[in-house]
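The structure under discussion appears below in the form of structure tokens.
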């Protein structure tokens, strides 16, 4: 009901604004700056494309009765055994949700570990606390196929380096990635360039290869989050109407993994920072060292900050643990202010909180 109220509020705002003409339908480009929708042709000097993204479905699994991140929310019963193909953010979040609701959960992932874009120790900590909740993992799944069972369930065949086996489940969630919703736009008619994955190429101001046509949100490949899509809007609106010079390259990469405990992430991983060739320092604290985490009985995880040893600037941070999704903002504030880690190191944080260990973490840096 909360989400429906929010969606309806946005829709009503569009439909009832006297300055907005709202069309409901499927739109396609028919020319340079011409769009066909509902048997009408619309032309404009300035066009904004914001079509979002949807779940990517592998060809070899399309014949199955599968769920995606949207349809799984429409279930009216708790799955007896939920098989999830994809061990990244969506798969892990739904896996923990349905495990706690009582489902048996098996997560199948082609990589050597889950969420391969994160540092190895981050992934290892997450897989450990999810295993402790009873979630089963099948990693190194180099070949995945599936078939419908006569009883109505799903059998997923997995060829892994360690073993080959079949997994029998009642429901299947496909969480192997997202694809931009540009395939129905006939965007080539406008002359707009897209890459091999369907993402629309944009410059630092979100303008496409055609002047006057902009792309915002998931479809431009500059971020796949609500917060990056909203920032796209801010860049467009403030540059257009307030004379500002905001750019995509000004923003710091940040996102959260909403497992329990969550992961808060800012900019570079350890592996990415090492590849810069800079001299680095690391601040590190286990959550079990944090008094507030112990008091809450939530000691899984750790906090890490990576520092440029020469400039003293924070290059990246990972806060995996209770409150990590909120705590990461204090790191982001320092990074946006473009000041050294010493400012936050010398700050006074209220006690007892998890955040108070950030200054402590930064007092004891080690060379990398």
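The values are calculated or read from the model by the stated rules, or taken from the named source; none is laboratory data. Model, not experiment: these values are computed from the prediction. So basically every Cβ, Gly included, is an ideal-geometry build from the backbone, and we count neighbours across all protein chains shown.
Details
- Residue within the range 58-67 that is closer than 21 Å to residue 147 by Cα, buried (at least 17 other Cβ atoms within 10 Å of the Cβ) and in contact with a helix residue (DSSP H, G or I) (Cβ under 9 Å, 6 or more places away or on another chain) present: yes
- For residue 79, the stated conditions do not hold, so it cannot be described as at pLDDT below 95 and surrounded by 10 or more Cβ atoms within 10 Å (Cβ to Cβ).
- Selected residue [farther than 21 Å from residue 95 by Cα and more than 24 Å from the chain's Cα centre (by Cα)] from 181, 186: 186
Results for (1) in contact with a helix residue (DSSP H, G or I) (Cβ under 6 Å, 6 or more places away or on another chain); (2) farther than 30 Å from residue 131 by Cβ; (3) part of a helix (DSSP H, G or I), shown as yes or no for each residue.
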site: 293; (1), (2), (3): yes, no, yes
site: 335; (1), (2), (3): no, yes, yes
site: 352; (1), (2), (3): yes, no, no
site: 355; (1), (2), (3): yes, no, no
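- Contact map, the range 62-74: residues that are more than 21 Å from residue 93 (Cβ to Cβ) paired with residues that are modelled with pLDDT of 95 or more, Cβ distance under 7 Å, separation 6+ or inter-chain. Pairs shown: 64/172.
- Residues located in the range 94-116, provided they are surrounded by fewer than 16 Cβ atoms within 10 Å (Cβ to Cβ), assigned to a loop (DSSP other than H, G, I, E, B) and at pLDDT 95 or above: 101, 102
- Within the range 2-49, tally of residues that are more than 27 Å from the chain's Cα centre (by Cα) and closer than 19 Å to residue 207 by Cβ: 10
- Some residue of the range 123-133 being modelled with pLDDT of 95 or more, in a loop (DSSP other than H, G, I, E, B) and more than 21 Å from the chain's Cα centre (by Cα): yes
- Among (1) under 26 Å from residue 123 (Cα atoms); (2) at pLDDT 95 or above; (3) surrounded by fewer than 19 Cβ atoms within 10 Å (Cβ to Cβ), the one test that residue 315 misses: (3)
- Within the range 237-271, the set of residues being more than 30 Å from residue 301 (Cα to Cα), touching a helix residue (DSSP H, G or I) at 6+ places or on another chain (Cβ under 9 Å) and not in a helix (DSSP H, G or I) comprises 244, 245, 246, 247.
- Here residue 253 fits the description: in contact with a strand residue (DSSP E or B) (Cβ under 9 Å, 6 or more places away or on another chain), modelled with pLDDT of 95 or more and surrounded by fewer than 18 Cβ atoms within 10 Å (Cβ to Cβ).
- Inclusion of residue 232 among residues that are modelled with pLDDT of 95 or more, under 13 Å from the mean Cα position of the chain (by Cα) and not in a loop (DSSP other than H, G, I, E, B) is not warranted.
- Against the conditions (1) assigned by TED's automatic domain parsing to the domain that holds residue 189; (2) modelled with pLDDT under 95, residue 10 satisfies every one except (1).
- Extreme residue, surrounded by the most Cβ atoms within 10 Å (Cβ to Cβ), among residues of the range 326-337 that are over 14 Å from residue 353 (Cα atoms) and in contact with a strand residue (DSSP E or B) (Cβ under 7 Å, 6 or more places away or on another chain): 331
- Some residue of the range 86-102 being more than 26 Å from residue 226 (Cβ to Cβ), out of contact with any strand residue (DSSP E or B) (no Cβ under 7 Å at 6 or more places or on another chain) and in the same structural domain as residue 127 (by TED's automatic domain parsing): yes
- Selection from the range 47-86 of residues that are under 30 Å from residue 190 (Cα atoms) and not in a loop (DSSP other than H, G, I, E, B): 47, 48, 49, 53, 54, 55, 59
- Some residue of the range 40-51 being touching a residue at least 24 places away in the same chain (Cβ under 8 Å) and exposed (fewer than 10 other Cβ atoms within 10 Å of the Cβ): yes
- Residue match in the range 296-312 (condition: more than 20 Å from the chain's Cα centre (by Cα), within 13 Å of residue 261 (Cβ to Cβ), part of a helix (DSSP H, G or I) and touching a residue at least 12 places away in the same chain (Cβ under 8 Å)): yes
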